[in-house]
Structures are given as C-alpha cells and as structure tokens.
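The values are calculated or read from the model by the stated rules, or taken from the named source; none is laboratory data. Owing to the predicted nature of the structure, the values given are computational and were not obtained by experimental measurement. Using ideal geometry, Cβ is built from the backbone for each residue, glycine included, and neighbour counts are taken over all protein chains shown. Ligands, DNA and RNA are stripped out before the accessible areas are found, and what is left, the full protein with its side chains, is counted by its heavy atoms. Shrake-Rupley method; radii C 1.70, N 1.55, O 1.52, S 1.80 Å.
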Amino acid sequence: MGVLEHAGSVGLSLIVWVCGGGICALGSMCYAELGVTIPKSGGDYSYVTEIFGGLVGFLLLWSAVLIMYPTTLAVIALTFSNYVLQPVFQNCVPPYLAIRLLSTTCILFLTWVNCSSVRWATRIQDFFTVGKLLALVLIIIVGLVQICRGHYDALRPSQAFEFTRDPSVGQIALAFLQASFAFSGWNFLNYVTEEVVEPRKNLPRAIYISIPLVTLVYTMTNIAYFSSMTPEELLASNAVAVTFGEKLLGMFSWVMPISVALSTFGGINGYLFTSSRLCFSGAREGHLPYLLAMIHLKNCTPIPALLVCCTATIVILCIGETHNLINYVSFINFLSYGVTIAGLLYYRWKKPNILRPIKVSVLIPVSYLVFWAVLLGFSLYSEPVVCGMGIVIMLTGVPVYFVGVHWKNKPKFVYNIVECVTYVGQKLCFVVFPQEDLSEISPLTAPNKHKD
C-alpha cells in the first residue's frame, strides 16, 4: 500500500517491487562474501566492528537495539492487530487504543514464550510460517483466476501508468523504502553464520533461491490485488487482504484475516528470536552490558535481551504511526546496509591478501552503493523529519560509546553500580553466563580488562 501511494501508479509500483528484489539480490551477494570472509555471527554489526572499529560498530548496534528491531516488531504487531480487529469493526477503523492493547498483548505473550522455551519458540515459528504461505498462495491463485476471467483493467499499460500526481524522484525513493521493509530479513542468515553448515556453499545457494522466489511472490501478490481492486480501493483499505477476501471469497472471506494474522504472529516471534543473537554479539564485544548475553539457567533462553527488546517495542507502539514507522526503520536499515557494503570495498583495500572463499565482482557493491546514495539522499529530501530523526537517534550513540565503552578507567562507583544491577538482574531473571563462552567477554566490572 505504501509503495503504491508513493509511486503514484500501478505500473510504477510493480516496477518498484521487481527492482527492490534486484537491489536486495545485489546486497545479499555482498553479504555472502562478508559472511565467509569474516565468519562471525552478528551480521552487519560484526562486520562493521571488524572493518571500521568499535565506534561505527557500536552505532549500528545502538540503532538496531533502539530503532530497527523494536520498530519492525511494532509495525508487524500493529499489522497483526489490524487484521484481527478489522472483521470485528467492519464498517469503521478499529479504535486506536484497541489496536495498541492487542499489539502489546501479542508482544508480551511471545516474549514470555521465547523466555520460557527455545523449543516452543521454534515450533511456533514453524507452525505460523504456514499461515504466511497460505495467505500469499491463496491471494495469488484467486488473482490469477480473476485475470483469466478478463478482470485486469488496472494492469493494462494504458491505465497502469496513469499517475494520480506528478511523479518525483523523492516519492519514488520513498516507494523503494516501503518495498525494502517488505524485503527486510534478506541478511538474517548472516546473523548465524557460525551455525551455518558449509557457508561457502549454502550462503550463495540460499541467496539464489530465496531472493528471486520472494520477489516473484510479492510481485504476483500485488498483481492479484490489482486484478480485483482499484488503486483507490487499495489505498483506502485499512487491511488490504481482508478487503480482497470480502470481494472475492464470499463466505470464506474469514480465511484472509486469519492467514495474515498467523503470518504476522510468526513474524513477531522470529524477530524476537533473532534480536537476542545481536545482543549477545554486542555483549561479547564489550559494547553492551554482559547481562544481555546471559541465559536462563534451566531453559537456556536470553531473558534479559528479550525483555529489553520487548520494552523498547512497547514504547514505540505507543508513540508511532505505521506508515511513518516503516519509513523510519527502512531509512536506518538502508543506511546500515550501505555502510556495511562500503566496508566490503574498504576491507578489500585494507586486507587484499586475506582468504575470500566467495569474491563478487566489484561492480556489484559499487552498483548497490550508487543506488543506496541516491535513495537515501532523495528520501531525506522528501521526508527530512522522519529520516533526520533516525540519524539523530543513531548519533546519540556517540557520547554513549565514549562514556560507556571507550572510557576505560571509570570511577570505582560506576563499576559497583553496574555490578549491582547485573547481580539484581541475574537474581530476577535467574540467568547465568554461557559457560563455553565465558572467556570471550570482558566483564564491565573489571576496568583493567575492558575491551574497546
């Protein structure tokens, strides 16, 4: 919906979806090289820390913990609530308070599940992934049936490129940001590189299969929408899949909100599960309190990290609106991707003789960075407040880094406070440090051993 709103026409919105997948493919190939060259879990954060040093890595970590993960979780939770409540409030928009309360309840429940058992979390992920597949496959099949019946007026070239307003580069850039949010997650495999079997083979294989498949599914889903809904109807709908189901599925229209709710529920669970790995990587490097790398004594779940992510998400739920949140997190995401891929080129110059099992053509990162610079520049021009606020929040991490990480000889009372908070956190959450990794982290309570 956001892609169509900013693109201004059906044809251009479909082009944005296809090109968005192509850009993600370029980025993922660069990440494949980084993943096998710097074989650490943690994704962008680990690569940037290794290449540019502690400050830049910390800023990426800071923005991920405060913005990217919580905001993405907030958007998915709001989508979940909209689709659950829309059938109840058929003739009006669901109340603001009801949406927020249901979103908060969903976040709290899944946080509890992830804190209670890794097995429960993974089983929920497996089960609810079926909901996503069911929703998308059903939409595509119904849409193809409509097209075969001749219902594709909005897709005819004469109408597909009828613009509701004069197109501008800035608005097209924002359309790409909206699309990039849907594609977000293409770099998640790099967060668990250390656990991937034969990454030299399986990282590229995952890229070559997943990115084209996801691009095809998203594009076909939008074509299916346009086969039965006008652009005006699509933009006016608060839950597009629900409106689509009501028009075409008749008495089975209830399938759509349930399928999308299942999909988004699983998405929230997946992001909560992944966020704990980033916190662990940050604590391992000494950039976060090592309490966040601790796990429950019996359940082996990262309770402190999950609670931090849950709290940040609930705060953002209370202050943000879905459309702005997507622009907000997409801008920061793209900023992080660009810095990481620029690091790929810098690392080739800095360490030209290091073993690189995968080495992509230099044209791939250069092409990505050219697109990246144009996209971010025009997005900032079109939405200076939303995008600028993301940059400001990221930069607030600079004093935090120099005070909390770089400053090694802090007064003794600071370490006493940190030790006290850590002790209380351990007692409340019943967590301990993973024994096998104990030697890899320098406790914040030891000023002489603190890592930069």
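Values for this structure:
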{"quantity": "Of all residues in segment 223-240 being modelled with pLDDT of 80 or more and of a type in the set (A, V, I, L, M), the one that is surrounded by the fewest Cβ atoms within 10 Å (Cβ to Cβ)", "calculated": "236"}
{"quantity": "Count of segment 15-49 residues which are in a helix (DSSP H, G or I) and either open to solvent by 30 Å² or more (accessible area, probe 1.4 Å) or of a type in the set (Ser, Thr, Tyr) (or both)", "calculated": "13"}
{"quantity": "Test: residue in segment 183-205 that is of a type in the set (Ser, Thr, Tyr), modelled with pLDDT of 80 or more and in a helix (DSSP H, G or I)", "calculated": "no"}
{"quantity": "Restricting segment 401-419 to residues that are touching a residue at least 60 places away in the same chain (Cβ under 8 Å) and buried (at least 18 other Cβ atoms within 10 Å of the Cβ), the residue that is nearest to the chain's Cα centre (by Cα)", "calculated": "401"}
{"quantity": "Test: residue in segment 16-25 that is under 18 Å from the mean Cα position of the chain (by Cα) and under 18 Å from residue 191 (Cβ atoms)", "calculated": "yes"}
{"quantity": "Subset of segment 197-216 [of a type in the set (A, V, I, L, M, F, W, C) and open to solvent by 30 Å² or more (accessible area, probe 1.4 Å)]", "calculated": "197, 206, 209, 213, 214, 216"}
{"quantity": "Residue pairs meeting the criteria (Cβ under 9 Å; at least 6 apart or on separate chains; first loosely packed, with under 13 Cβ neighbours inside 10 Å, in segment 375-400; second among the basic types (Lys, Arg) and at pLDDT below 85)", "calculated": "none"}
{"quantity": "Count of segment 370-402 residues which are outside any helix (DSSP H, G or I) and within 17 Å of residue 68 (Cα to Cα)", "calculated": "1"}
{"quantity": "Hey, residue 141 open to solvent by 60 Å² or more (accessible area, probe 1.4 Å) and in a helix (DSSP H, G or I) or not", "calculated": "yes"}
{"quantity": "Residue within segment 54-67 that is in a helix (DSSP H, G or I), among the hydroxyl-bearing types (Ser, Thr, Tyr), in contact (Cβ under 8 Å) with a residue 12 or more places away in the chain and open to solvent by less than 50 Å² (accessible area, probe 1.4 Å) present", "calculated": "yes"}
{"quantity": "Residue 162 vs. criteria open to solvent by 30 Å² or more (accessible area, probe 1.4 Å), over 17 Å from the mean Cα position of the chain (by Cα), over 30 Å from residue 390 (Cα atoms) and without any contact (Cβ under 8 Å) to a residue 12 or more places away in the chain", "calculated": "no"}
{"quantity": "Residue within segment 210-228 that is on the phi > 0 side of the Ramachandran plot and part of a helix (DSSP H, G or I) present", "calculated": "no"}
{"quantity": "Single condition residue 219 does not satisfy, out of (1) surrounded by 20 or more Cβ atoms within 10 Å (Cβ to Cβ); (2) within 17 Å of residue 21 (Cβ to Cβ)", "calculated": "(1)"}
{"quantity": "Hits in segment 332-360 (condition: loosely packed, with under 15 Cβ neighbours inside 10 Å and hydroxyl-bearing (Ser, Thr, Tyr))", "calculated": "346"}
{"quantity": "Number of the condition not met by residue 132 [criteria: (1) of a type in the set (Lys, Arg); (2) closer than 30 Å to residue 302 by Cα; (3) surrounded by fewer than 16 Cβ atoms within 10 Å (Cβ to Cβ)]", "calculated": "(3)"}
{"quantity": "Among (1) part of a helix (DSSP H, G or I); (2) open to solvent by 20 Å² or more (accessible area, probe 1.4 Å) - the single one residue 89 does not satisfy", "calculated": "(1)"}
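Yes/no matrix, rows are residues, columns are (1) in a helix (DSSP H, G or I); (2) within 21 Å of residue 433 (Cβ to Cβ):
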| site | (1), (2) |
| --- | --- |
| 292 | yes, yes |
| 306 | yes, yes |
| 312 | yes, no |
| 316 | yes, no |
| 331 | yes, no |
| 345 | yes, no |
| 356 | no, no |
